[in-house]
Amino acid sequence: MSAVGSIPGVEQAIALGLTEAEYELVVASLDGRAPNEVELAMFSLLWSEHCSYKHSKKLLRTLPSSGGRLVLGPGENAGAVDVGGGLAVAFKVESHNHPSAVEPFQGAATGVGGILRDIFAVGARPIAVLDSLRFGELDSERSRYLLEHAVAGIGHYGNSIGVPTVGGEVYFEAPYEHNCLINAMCVGLIETERLIRSAASGPGNLLVLFGASTGRDGIGGASVLASAELGEGDEAKRPSVQIGDPFAEKKLMLCSLDLLERGLLVALQDLGAAGLTSAAAEMASKGAVGVDIDVARVPLREEGMEPFEIMVSESQERMLCVIEPEALEAVLGVCEHWETAASVIGEVTASGLVRVLDSDTLVGEMPVAALVDDCPLYDLDPRAPLEPIYGAPQRVLDSSGEEDPGETLLALLRSPNIADRLPLFEQYDPVVQSRTVRRPGQSDAAVLALPARGQERPGIAVAIDGNGRRVAADPYRGTIEAVLECAANLACAGAEPLGLTNCLNFGNPEKPHIAWQLSESVRGLADACRAIGVPVVGGNVSLYNEGAEGPIYPTPVIGLVGELPDVRRAGALGFCSEGDRIALVGPFAPEIAGSELARLGGRELPGSLGELDIPRVLAAQRVVREGVRSGSLSSAHDIAEGGLAVALAECCLAGGLGAEIALDDTVKPLRALFGEGGGGFVVSGGEGALRALGGGGVSVRIVGSVSGERLTIWSGDARIELSLERMREAHGALRALFD
Amino acid sequence: MKARVLVRPKAGILDPQGAAVERALPALGFEGVRDVRVGRLIELEVADPARLEEMCERLLANPLIEDYEVLLEGAGG
Amino acid sequence: MKARVLVRPKAGILDPQGAAVERALPALGFEGVRDVRVGRLIELEVADPARLEEMCERLLANPLIEDYEVLLEGAGG
Amino acid sequence: MKFGVISFPGSCDDSDALSACRRVGEAVQLWHADHDLAGVDAVVVPGGFSYGDYLRAGAIARFAPIMNEVIEFARAGGYVMGICNGFQVCCEAGLLPGALLTNVSRRFVFRQVRVRVLGEPTAFTGTLERGAELSIPVKHTTGRYFAPRATLARLHAAGQVVLSYAPGENPNGSLDDIAGVVNEAGNVFGLMPHPEHAVDELTGSTDGLSLFASLAAAAAA
Ligand SMILES: Nc1ncnc2c1ncn2[C@@H]1O[C@H](COP(=O)(O)OP(=O)(O)O)[C@@H](O)[C@H]1O
Ligand SMILES: [Mg+2]
């Protein structure tokens, strides 16, 4: 072709992250012609791990991604499930790990901005955000800095745009010290038949870019950054930090939804990683068409930007849509109403090519298929590690915990992985939009009301979960545990899972032991999804989360959306009425190995986790869910980090009531009190209601009653007796970080 | 000694505040205003001005996205 | 003409940002810093500097809680 | 009786305020660029981040075309309730005394707080007992009420402080625990707590409803 501009060589290709072999493939796909600057920039981004999923795509194909109530599956900007009444819920979780490691406030903020755009890109109105965070231990100044700024960034974006942040999770573990994880999930609501796809169609139709103007933001940012281990090179990547503008995004969101309402759009796509390059190529590929883009028509924020810079810029708060020429005037009118700039930057063609023009000069011409489909997909070379990958956590508890169980419980309540998250989530607005029936801290899952249907008050529950340490111990079972725990959270709210999204945060997949963690984890994810009978509607993969110090814990973050028939009966986790009986429900087989107590004691991770009896776990979840839905249970809480004693303490603190508990001494006290392992619930209610949960293979042990202002637990000869006050003081440990 | 630190978004870095102010001014009848950038002003009393640079680098500014400038009392602007 | 507007919290009004900076500095090994106040810096290109005063009064500062000062390019500080 | 709820670019709680108003009367949305108030009997300036809260919360919104109408309406005795960002806008517009500063914590805070109704009944608290305690959420970064001491003395003396945070509940460092004030004429009310988020048991509390009900009653009278 006549493309002008210097012709870079293979060295530049490698510098941009391509391998030599990949570069040869690029040349081949251009019929032997070496790509020019524009083309190489576009190929290198679209063929990066971040955009091409070249090391994970084959695994992702093994996930169940159809059936159930799925109405929009993986492949679109977000997936969606039917929630009845003609409505669908679209949701997705996405990572913004590397940008956040560089600049935590803006990285986290733009992470939220990005996932919001994925949701309204399918036409759904965002109704909730959740966040999943991982940092190093809090004795590290850097971890405290990252925590403070990432939380502020998430709040800044979500609060300002008027979407409630209703839930999340955070863990502090040494392996995240140099690679923090910032994952954000967004949930949107839409009338099912209004869901819009991103496939461009109709040669002659126009490409309209709307939203913020284009600057040098993120050039060589997310895409490249997220495809290479963070190292010395970071400084160079820094000048291109993306700044989030939630005010611009709010107008962009309302504008996009308005355009859809009026039926003015043929297709809609957000600009995320690799900006215009990815958006245009994806839209063309999905629609099996071509596109012409004129970079001279892209509104710029900065002087003298090169065509390739315009094509790969990751400036935030931009969308691309395809419209029919007749609709142009109306579209521009709507954009003007929302004070959102819009310009025609090109059109759909039948050429099957992405052609980049700079006014009349052709500066790039590539087959869509080459850009999007020809990127080689790699097979992993999984091999189980021979030695442990991770060192023992640093020891912070000198006693084994036996001597004084009360002190041990306080130490656990104080642990950053268990302590009250209030100081974090009180920086988030959970109530805007007036749908939030259960806020953070009220139930194990957030509950949102859907529009009333006559007398019916249906709703959805959402939760996000993923304990990396347990996945590190046992990638397959740890991932199953994570999915089941997320489902347990929904059960406690009275909800049944409808769909799952996930973000796979792992190290370098080119290393056999990381490949093993990844494939084992995905195998567990697939099996767990089949077990609970939900499709994977979408997600994200973040690889190369490692540096000289080693890899992060393998961290599949699981997001579940479920339904409740009646939000008036949504579950609560706190004990709420004096005299209620308390039962331990489910096949709970606690082990100290791999528990939070073991972590505090500085114990090595175990080589594997105990196997869960999945059918019995699901049976327990069913009876708890039914008990909550029927109103026969006063409270329900699943047993997780810190074991039964911590779960009981949390129920007491949430409800402001004490409890008297006597555990039979079949298992060693320490294990019974602090051991972990999925499948267990603490529920309260009338004696009859609790007994009624039993049978059908579900074990129900009544262990005590709600009473007074202290928690008393007898376990064999071990005894814990603590006032609510002392427990609350310990549980409030994170407060100090934010004073 | 009294010092002033002026912190502003780096050239090229998006400045949503500046843009918002620039859009607002004409509506108030203030025409002909361009290139509005909104940053931070930090005024402080320092014993040892020599260390101001370092303070800016480490705390007062975010060198990733902000430029700064130190004005010392009487040293003019 | 290039102008700078310095906006600072009025004397006597509690300034949590300033207090936080003052608390943080010693921890970073910066001793002997006092009276830290954090305000706003607005830089702009104006056709008619005569109107800056009015811009500050009406928009850029809130006279009830903030003092401001206008620095004109080259006019020194 | 008809409420008008303003929507600025960046308003977040405007639709929440609309539905809260509709529980006690009619309500219409008023667009920031409009030049008339569509004959409403009371105006609600809602919460959110008008114009991104850039420069200073409320500083830019205060100059939106619709605000000229609101100012005129208020000067003529019309009822105006400014919630959170709306309170900031009303202060910036000179409809209410004082200003709102960054929270002492320097952070955004969401919290269900207890606030007390003070002073003589006003158009906004008419249906409430003096000293009544309401559970209403706050959510803001810039909610620390400030006014010069002399002004505060005048406000207290004239009974213009109509809402205060219950002892120990002050979430932002507001002087004298002030959560809400009315202007001298008593027809403009600004408060940081969000009564529109306390109108339904399902989502927390119904304690905020009485403020809308009082206003509806006063405006209908
Ligand atoms: N872990 C995963 N599980 C299921 N689907 C996934 C996963 N990771 C990515 N996907 C799907 O692959 C597609 C491309 O993902 P991505 O590039 O993150 O989309 P976008 O660029 O819109 O954020 C999306 O449809 C996404 O849902
Ligand atoms: Mg997308």
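Each value in this text was obtained by applying a stated rule to the coordinates, not by laboratory testing. All values derive from a computational prediction rather than experimental measurement. So basically every Cβ, Gly included, is an ideal-geometry build from the backbone, and we count neighbours across all protein chains shown.
Numbers at a glance
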quantity: C:ARG34 versus A:ARG297: modelled label distance in nm, points set 7 Å from Cα along the beta carbon direction; calculated: 6.4 nm
quantity: Average beta-carbon neighbours from other chains, 10 Å sphere, peptide A:358-367; calculated: 0
quantity: Rg to Rh quotient for region A:302-362, alpha carbon positions, Kirkwood Rh; calculated: 0.98
quantity: q = 0.10, 0.16, 0.17 Å⁻¹, chain D: log10 I(q)/I(0) [Debye, one scatterer per Cα]; calculated: -0.36, -1.02, -1.18
quantity: Order by protection proxy (mean Cβ within 10 Å, highest first), peptides D:116-126, D:166-176; calculated: D:116-126, D:166-176
quantity: Charge dipole magnitude, Cβ of K and R +1, D and E -1 - the protein assembly as shown, Cα centre, debye nearest 20; calculated: 2380 debye
quantity: Rh by Kirkwood over Cα pairs, then Stokes-Einstein D for chain C at 0.692 mPa s and 37 °C, µm²/s; calculated: 234 µm²/s
quantity: Inverse mean reciprocal Cα-Cα distance (Kirkwood Rh) of region A:232-374, Å; calculated: 16.2 Å
quantity: Rounded if a/c under 1.5, otherwise prolate or oblate - region A:1-85, Cα gyration tensor axes; calculated: prolate
quantity: Spin-label proximity, A:ASP373 to region A:310-351 - amide N less than 15 Å from point 7 Å beyond Cα toward beta carbon; calculated: A:351
quantity: In degrees, nearest ten, helix A:275-287 long axis to first principal axis of chain A (Cα); calculated: 90 degrees
quantity: FRET efficiency estimate (nearest 0.05) - Cβ-Cβ, A:VAL396 to A:THR19, R0 41 angstrom; calculated: 0.40
quantity: Peptide D:130-142 - average C-beta neighbours from other chains (10 Å radius); calculated: 2
quantity: Kirkwood Rh in Å, taken over region A:585-677 so that all alpha-carbon pairs contribute; calculated: 14.6 Å
quantity: Cα coordinate range in region A:68-116, projected on the principal axes (Å, largest first); calculated: 42, 19, 13
quantity: Dipole-positive endmost among A:GLY538, A:ALA446, A:ALA279 within chain A (Cβ charges, Cα centre); calculated: A:ALA446
quantity: Average Cα contact separation per residue, chain D, under 8 Å, 6 or more apart, as relative contact order %; calculated: 21 percent
quantity: Subset of A:LYS251/D:LYS2; A:LYS250/B:LYS2; A:LYS92/D:LYS2; A:LYS54/B:LYS10; A:LYS92/A:LYS511 violating a 32 Å alpha-carbon distance limit; calculated: A:LYS250/B:LYS2; A:LYS92/D:LYS2; A:LYS54/B:LYS10
quantity: Gyration tensor (alpha-carbon) shape descriptor, the protein assembly as shown, a/c threshold 1.5; calculated: rounded
quantity: Region A:33-158: proportion of alpha-carbon pairs further apart than 25 angstrom, %; calculated: 44 percent
quantity: Inter-copy separations for B:ALA50, label at 7 Å along Cα-Cβ, nm, ascending; calculated: 4.9
quantity: Mean separation of Cα contacts under 8 Å, 6 or more apart, over the residue count of region A:59-158: relative contact order %; calculated: 24 percent
quantity: Rg followed by Dmax, in Å, when region A:462-612 is reduced to its Cα trace; calculated: 17.0, 57
quantity: Shape call, region A:334-398: gyration tensor on alpha carbons, a/c limit 1.5; calculated: oblate
quantity: Separation in nanometres of the label points that stand 7 Å from Cα toward Cβ, at B:LEU72 and B:GLU45; calculated: 1.9 nm
quantity: Per-bin percent of Cα-Cα distances, region D:1-63 [5 Å]; calculated: 4, 21, 28, 23, 15, 7, 2, 0
quantity: Zone of A:ILE7's modelled label, taken as backbone nitrogen in region A:283-316 under 16 Å from a point 7 Å along Cα→Cβ; calculated: none
quantity: Relative contact order (%) - criterion: Cα under 8 Å, at least six apart; region: chain A; calculated: 15 percent
quantity: Anchor A:LYS58: aspartates and glutamates whose Cα lies under 17 Å away (excluding residues fewer than 8 positions away in-chain); calculated: A:GLU49, A:ASP373, A:ASP374, A:ASP379, A:ASP381, A:GLU510, A:GLU520, A:ASP527
quantity: log₁₀ of I(q)/I(0) at q = 0.13, 0.15, 0.22 Å⁻¹ - region A:254-320, Debye sum with one point per alpha carbon; calculated: -0.41, -0.54, -1.04
quantity: Helix A:20-29 vs. chain A, principal-axis angle (Cα, 0 to 90°, nearest 10); calculated: 50 degrees
quantity: C:ALA27 versus A:ALA288: modelled label distance in nm, points set 7 Å from Cα along the beta carbon direction; calculated: 6.0 nm
quantity: Burial order of peptide ranges D:158-165, A:614-621 (average beta-carbon count within 10 Å, highest first); calculated: D:158-165, A:614-621
quantity: Within 10 Å of each Cβ in B:62-68, the average number of Cβ atoms from other chains; calculated: 3
